[in-house]
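Student: I have a structure here, written as structure tokens, and I will follow up with some questions on it.
The values are calculated or read from the model by the stated rules, or taken from the named source; none is laboratory data. None of the values given here were measured: they were computed from a predicted structure. A quick note on method: Cβ atoms are made from the backbone with ideal geometry, for glycine too, and the neighbour counts reach across all protein chains shown. Protein only, heavy atoms only, side chains kept; ligands, DNA and RNA dropped before computing areas. Shrake-Rupley method; radii C 1.70, N 1.55, O 1.52, S 1.80 Å.
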Amino acid sequence: MNEYVRQLLAWIDAESAAQAEQLKARRDRAGDGGVERTGETLLDMAVTDTRPGLAGAVITTLVKRNRNLALPSNRFRVGIPVTVTNNAAEVEIARGVVTARDRSSVQIALPFVPEGTRLRVDVQPDEVTRKRQTKVLEELETVRGPQGRLRDVLLGDRAPEFHLAPFENEALNSAQNEAVRQCLGAQDVAVIHGPPGTGKTTTVVALIKAVVERGEKVLATAPSNTAVDNLLDKLAAAGLKVVRLGHPARVDRQLIRHTLDAQVSRDETMEIVKDMRRESEQCFRKAGRYTRSQPPRGAKKGMYEDGKRLRDDARLLEKTVVDWVLDRAEVVCATNSLNVNQLGDRRFDMAVIDEACQCTEPSCWVPIQFADKLVLAGDHRQLPPTVISQNAANEGFDVSLLERLVDKFGDIITSTLREQYRMHQQIMEFSSQQFYENRLEAHETVAEHLLSDLSQVDKTPMTSTPVDFIDTAGADWDEQAEKGSESLCNQAEAELVLKKIDALLAAKVSPDTIGVITPYAGQARLIRSLCETAGVEIDTVDGFQGREKEVIIISCVRSNRQGEIGFLADTRRMNVALTRAKRKLIVIGDSATLGNNPFYTELLSYFDAIQAYGSVWSEL
């Protein structure tokens, strides 16, 4: 086995162990009496509703046994694996996946309906995804043919090859057209490097459409459901026949019609499948029903056998419909952790992984196994993969496959997009200098645009300039530890953020065009609790990756005498934060703390050079 593959497998195990340890540590801190405080456990749950799901799953809705109680604050996000046990967690009843949740209930896809009136639900580490990644890596050395060639290139044992591929699309700029040409000519791997606002997804969609037009099929994936939905939306708008794998609860409501479930359910054959399942359930109920008179010998066994036969026939018929839907699709979209069993032995001419820098390398190998060529799209100057195991991260697990290949092959495989269509030039310029060799260019339609150019917005000093930095040095606005967590917050900064939001609203800036970004979840929670304006989006840097708003307010949080800046030291995170704004960027921070880092020293100098520098004292 290749030594680097062995290293990847070791990192997967280290990350799995770190996730389990993190989960255990949170539960240990909570203690038995407050286990729900971790957000990863729900007690005293009861089944309130069930409905059939795809492939025989049962979508089970659970609520608090006391129906008057809402669920406590929790981490039960859609797609998270869970176990259902009795309340004392003595016996595991079933394992499933969260498909939806609201304030009072959680829906879980389970193999059957759990019995009991006092159930416990616990978040579990995602062992299914880990096993899929491990399996594909362990089987790499047995791969032959075109996929074996791709493997050799990705592991550095073979040089990538390209053939001439003509392509021109008047809707794309020159760099975007060149990127599509290079990807079409790739015999194994190519990279689309898309700095902020440069139309990376537009380029990816143009590439996929060109591949489909030459009669080929594409598997398009991304690390998150949001990123997949963004790609899916544009592919469908381009007129391509797309199928979205994954539970519909994880998909944007506007796109549910494209899911495998929805397309399968629209087939008239599924009415027959439903009838067969209904008859199967009736057979099982009759066989298990108590009757006073003794049934004829073998009657119950016959009912069980009839029920089993009907259930198996229903599954086979459903699989036929699933196969038909997948076979007619031109593009299949999914997250990287896709259900490999649904695809079976299907092959795709090309796999495209969007936002490829946000996931660890083993995540990419899951979709790679289904294709002979690979295109990675992303920006290794923005957020790296999230890795919990510090040892694995230090050894290189937080280096994405895209970044590793760019480091190894450089311009041979990489096409970099240059023209951006999002930001005012002064919002763009610092990131261009620091991360993109000063080669980004603002398209003429955005280079000078301001908030005051919007028809409904009043012209004020705030709306008539693109960038403001508010220096809190000397104000004693010290950071604080958030109560009950390891995160940080800054009350005074949060209050200034609200003041800025109020000023924007007073100038008739629409709330849904305003975003607040902070590196700390504690600060995001604090600002959300204080902000009473619906529509303003408040989140961490990670939550805004790939997003944009007309206005972005950044709360840096850190203010201390030691000059410690924590998460802010990851300058790629700040690159993301600084490049989400289209027309107005407001940064709030303590220059005395930030200035201890060379990157922020240069950022402060840049603010001063563009006359964006201001003091908090003028705000008080």
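Student: Dipole of region 112-243 (Lys/Arg Cβ +1, Asp/Glu Cβ -1, origin at the Cα centre): which of Pro146, Gln182, Leu240 lies farthest to the positive side?
Tutor: Leu240
Student: Assigning unit charges at the beta carbon (Lys, Arg +1; Asp, Glu -1) and nothing else, what dipole magnitude in debye, to the nearest 20, does the chain show about its Cα centre?
Tutor: Values: 79 positive and 90 negative charges, 623 e Å.
Magnitude of the dipole: close to 3000 debye.
Student: With every protein chain left in place and a probe of 1.4 Å, what is the accessible surface of Arg278, to the nearest 10 Å²?
Tutor: Here the accessible area works out near 120 Å².
Student: Here's something else I'd like to know. Under the rule of at least 5 residues apart or a separate chain, name every residue whose amide H is placed under 5 Å from the amide H of Gly199.
Tutor: Tyr421
Student: What does the charge count around Arg347 come to, taking other residues whose C-beta lies under 10 Å from its C-beta (Lys +1, Arg +1, Asp -1, Glu -1)? Kindly include the intermediate steps, with their values, before the conclusion.
Tutor: Numbers: positive: Lys217, Arg346; negative: Asp345, Asp349, Asp372.
Residues near Arg347 contribute -1 overall.
Student: With each run of n ≥ 4 DSSP H residues scored as -39500 (n - 2.57), what mean residue ellipticity at 222 nm is computed for the chain after dividing by its residue count and rounding to the nearest 500 deg cm²/dmol? Could you put the intermediate results ahead of the total?
Tutor: On the way: 19 runs with 231 residues, N = 620.
Taken over the chain, the calculation gives -11500 deg cm²/dmol.
Student: Report the net charge of residues surrounding Ala592, where surrounding means a beta-carbon distance below 9 angstrom and charges are Lys +1, Arg +1, Asp -1, Glu -1.
Tutor: Result for the neighbourhood of Ala592: -1.
Student: Give, as a single signed number, the net charge of other residues whose beta carbon lies under 12 Å from the beta carbon of Asp188, with Lys and Arg counted +1 and Asp and Glu -1. Each step should come with its number before you reach the end.
Tutor: On the way: positive: Arg149, Arg151, Arg158, Lys373; negative: Asp152, Asp157, Glu161, Asp372.
In short, 0.
Student: Under the Kirkwood approximation applied to all pairs of distinct alpha-carbon atoms, what is the hydrodynamic radius of region 442-590 in Å?
Tutor: On the way: mean 1/r = 0.0640 Å⁻¹.
Taking every pair of different Cα atoms in region 442-590, averaging 1/r and inverting gives 15.6 Å.
Student: Straight-line reach from Lys241: which lysines have Cα under 28 Å away, leaving out those fewer than 8 places along the same chain?
Tutor: Within the straight-line limit of under 28 Å, Lys241 reaches these lysines: Lys200, Lys209, Lys217, Lys274, Lys319, Lys373.
Student: Another question about this same structure. I'd like to check one number: the per residue accessible area of region 88-203, probe 1.4 Å, reported in Å² as a whole number. Intermediate results must be reported in sequence, preceding the final value.
Tutor: Numbers: 5560 Å² over 116 residues.
For region 88-203, the solvent-accessible area averages 48 Å² per residue.
Student: In degrees between 0 and 90, to the nearest 10, how far off the longest principal axis of the chain does helix 521-530 point, with axes built from Cα atoms?
Tutor: So the inclination is approximately 80 degrees.
Student: Moving on to the next point. Could you check the simple spin-label distance between Gln22 and Arg572, using points 7 Å along Cα→Cβ, in nm with one decimal?
Tutor: 1.6
Student: While we're looking at this one, here's another question. Have a look at region 64-208 and give its Rg and Dmax from the Cα atoms, expressed in angstrom.
Tutor: Spelled out, the Cα radius of gyration and Dmax of region 64-208 are 24.1, 67 Å.
Student: Right, something else. Quick one: length gained pulling Glu271 to Ala88 fully straight, 0.36 nm per residue minus the C-alpha distance? Present the calculation step by step, with values, prior to reporting the outcome.
Tutor: Details: separation 183, 0.36 × 183 = 65.88 nm, distance 4.12 nm.
So the extension gain works out to 61.8 nm.
Student: I'm checking a number: the convex hull volume of the Cα atoms of region 151-246, normalised per residue, in Å³. What is it? Kindly include the intermediate steps, with their values, before the conclusion.
Tutor: Working: hull volume 12.5 nm³, N = 96.
Here the figure is 131 Å³ per residue.
Student: Rolling a 1.4 angstrom probe over the protein heavy atoms, how many square angstrom per residue are accessible across region 466-620?
Tutor: Numbers: 6270 Å² over 155 residues.
Here the per-residue accessible area is 40 Å².
Student: How would you rank 379-391, 193-205, highest first, on the average number of other Cβ atoms within 10 Å across their residues? Before the final figure, lay out each step's value.
Tutor: On the way: 379-391: 19.3, 193-205: 23.5.
In descending order of packing, they fall as 193-205, 379-391.
Student: I've got another one for you. Test of the criteria: in region 437-508, which GluC sites (Glu not before Pro) are in a DSSP loop and have at most 13 other Cβ atoms within 10 angstrom of their Cβ? Before the final figure, lay out each step's value.
Tutor: Values: sites: Glu437, Glu441, Glu444, Glu448, Glu479, Glu482, Glu486, Glu493, Glu495; in loops: Glu437, Glu444, Glu448, Glu479, Glu482, Glu486.
When the GluC sites (Glu not before Pro) of region 437-508 are filtered for loop state and at most 13 Cβ neighbours within 10 Å, Glu437, Glu444, Glu448, Glu486 remain.
Student: After finding the eigenvalues of the alpha carbon gyration tensor for region 293-428, what semi-axes result from the square roots of 5 times each, listed largest first in whole Å?
Tutor: Semi-axes from the Cα gyration tensor: 48, 19, 15 Å.
Student: In terms of solvent-accessible area of protein heavy atoms at a 1.4 angstrom probe, what is the ranking of Leu219, Leu498, highest value first?
Tutor: Working: Leu219 0, Leu498 35 Å².
Largest accessible area first, the list is Leu498, Leu219.
Student: Quick check of the Kirkwood formula: for the chain, what is the inverse mean of 1/r over all pairs of different Cα atoms, in Å? Don't jump to the answer; show the numbers that get you there.
Tutor: Details: mean 1/r = 0.0371 Å⁻¹.
Value: 26.9 Å, from the Cα pair sum.
Student: To test your reading of the geometry: what angle, between 0 and 90 degrees and rounded to tens, separates the Cα axis of helix 127-138 from the longest principal axis of the chain?
Tutor: Approximately 90 degrees, to the nearest 10.
Student: Okay, next question. Full extension from Glu3 to Gln491: what is 0.36 nm times the residue separation minus their Cα-Cα distance, to one decimal in nm?
Tutor: The span from Glu3 to Gln491 would gain 170.7 nm if fully extended.
Student: A further question follows. Applying the Karplus parametrisation 6.51 cos²θ - 1.76 cosθ + 1.60 with θ = phi - 60° to the phi angles of region 475-486, what ³J(HN,Hα) value in whole Hz is obtained for each residue in order, glycine and proline being reported as x?
Tutor: 8, 6, 8, 6, 5, 9, 6, 5, 4, x, 8, 9
Student: Right, something else. Rounding to the nearest 10 and keeping the result within 0 to 90°, find how far the Cα-based axis of helix 145-154 lies from the longest principal axis of the chain.
Tutor: Compared with the principal axis, the helix lies near 40 degrees.
Student: How long are the semi-axes of the equivalent ellipsoid of region 367-487, taking √(5λ) for every eigenvalue λ of the Cα gyration tensor, in whole Å from largest down?
Tutor: On the way: eigenvalues 243, 148, 39 Å².
That gives 35, 27, 14 Å for the three semi-axes.
Student: Can you give me the % of accessible surface on the chain that is carbon or sulfur? Probe 1.4 Å, all protein chains present, nothing else counted. Walk me through the intermediate numbers first.
Tutor: Numbers: 13420 of 28820 Å².
Here it works out to 47 percent.
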